[in-house]
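A.B. asks: Here it is, the structure, as structure tokens.
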Amino acid sequence: MTAKSPSAAAVVVLSGGQDSALCLALAVKKHGADRVAAITFEYGQRHAVETKFARRLARRFKIAAHKVVRLGFYSSITSSALMSPAGKIEREKGAKCPTTVVEGRNAFFLLAAGVWAKSLGAKELYIGVSQTDFSGYPDCRADFIRAQGRAMRLALDWPLKIVTPFMHRTKAQEWALADSLGLLDVIMHETVTCYNGIPGAGCGKCPACILRARGLKEYLGKSRSSH
Ligand code: ZN
């Protein structure tokens, strides 16, 4: 299929968390809101409140299009603490990654988002994965993103570029970026990163909240000492 006249320059995988919210901000800064689209996936995650926050972010940034796609099959092919209300969030002894891993999630997300990107004429695909604060998720690694990008360009015959602004950034550096974009308040209060689905600072106990808080503390400490 040949793409029709371009209606977006970039598609952002928007989960409603801080990483994806910043990806959205960067895409809008580069291309303008009317040339940016976002896609949110519901795959049976227990923190489904994410979708609400993703919709809110899409409205706040006044982007051209926002699509919510259900991957209803996911819980029938795998399981994860993130997809089960009673699932215990932990790292089992000897395990490479915590029980919150959702096998292959980013591969599905990227492929679906890439197919939509081509239909919109978009050549950039943003995703907020990071290898720096790597929790052991294999599909957050730069190696995977490179390989997936190549596979998708071949599968779609489309010059799609996967953009990962945070691949080599720490959480503290992300907070610094949020501040420099004037988005500290938005990221603090209008995103949900917590595995237990609590917005803003979250539950304070899950790995996502701990990482978020540690990064913020580190950034605020640094920015105070530099003034
Ligand atoms: Zn939490």
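A.B. asks: Restricting to the range 211-227, and then to whatever is open to solvent by 60 Å² or more (accessible area, probe 1.4 Å) and modelled with pLDDT under 90, can you tell me which residue is nearest to residue 46 (Cα to Cα)?
C.D. replies: Filtering the range 211-227 for residues that are open to solvent by 60 Å² or more (accessible area, probe 1.4 Å) and modelled with pLDDT under 90, the one nearest to residue 46 (Cα to Cα) comes out as 222.
A.B. asks: Right, another one. From the residues in the range 140-149 that are surrounded by fewer than 19 Cβ atoms within 10 Å (Cβ to Cβ) and under 15 Å from the mean Cα position of the chain (by Cα), which one is nearest to residue 213 (Cα to Cα)?
C.D. replies: Looking at residues that are surrounded by fewer than 19 Cβ atoms within 10 Å (Cβ to Cβ) and under 15 Å from the mean Cα position of the chain (by Cα), I get 141.
A.B. asks: Could I ask something else about it? I'd like the residue in the range 179-191 that is open to solvent by less than 60 Å² (accessible area, probe 1.4 Å) and closer than 20 Å to residue 169 by Cβ and, out of all such residues, is nearest to the ligand (Cβ to nearest atom).
C.D. replies: 191
A.B. asks: So, one more: State which residue is surrounded by the most Cβ atoms within 10 Å (Cβ to Cβ) when the search covers only the range 150-173 and only residues that are within 20 Å of residue 9 (Cα to Cα) and free of Cβ contacts under 8 Å to residues at least 24 places away in the same chain.
C.D. replies: Within the range 150-173, the match that is surrounded by the most Cβ atoms within 10 Å (Cβ to Cβ) is 153.
A.B. asks: Read through the list (1) in contact (Cβ under 8 Å) with a residue 40 or more places away in the chain; (2) part of a loop (DSSP other than H, G, I, E, B); (3) more than 16 Å from the ligand (Cβ to nearest atom), then give the number of the only condition that residue 196 fails.
C.D. replies: (3)
A.B. asks: Same structure, new question: Before we move on, is residue 208 within 15 Å of the ligand (Cβ to nearest atom) and surrounded by fewer than 16 Cβ atoms within 10 Å (Cβ to Cβ)?
C.D. replies: The answer is no for residue 208.
The values are calculated or read from the model by the stated rules, or taken from the named source; none is laboratory data. No experiment lies behind these values; they were computed from the predicted model shown. Note that we place each Cβ from the backbone using ideal geometry, even for glycine, and neighbour counts take in every protein chain shown. Each accessible area value is taken on the protein alone, full model and side chains, heavy atoms only, with ligands, DNA and RNA left out. Shrake-Rupley method; radii C 1.70, N 1.55, O 1.52, S 1.80 Å.
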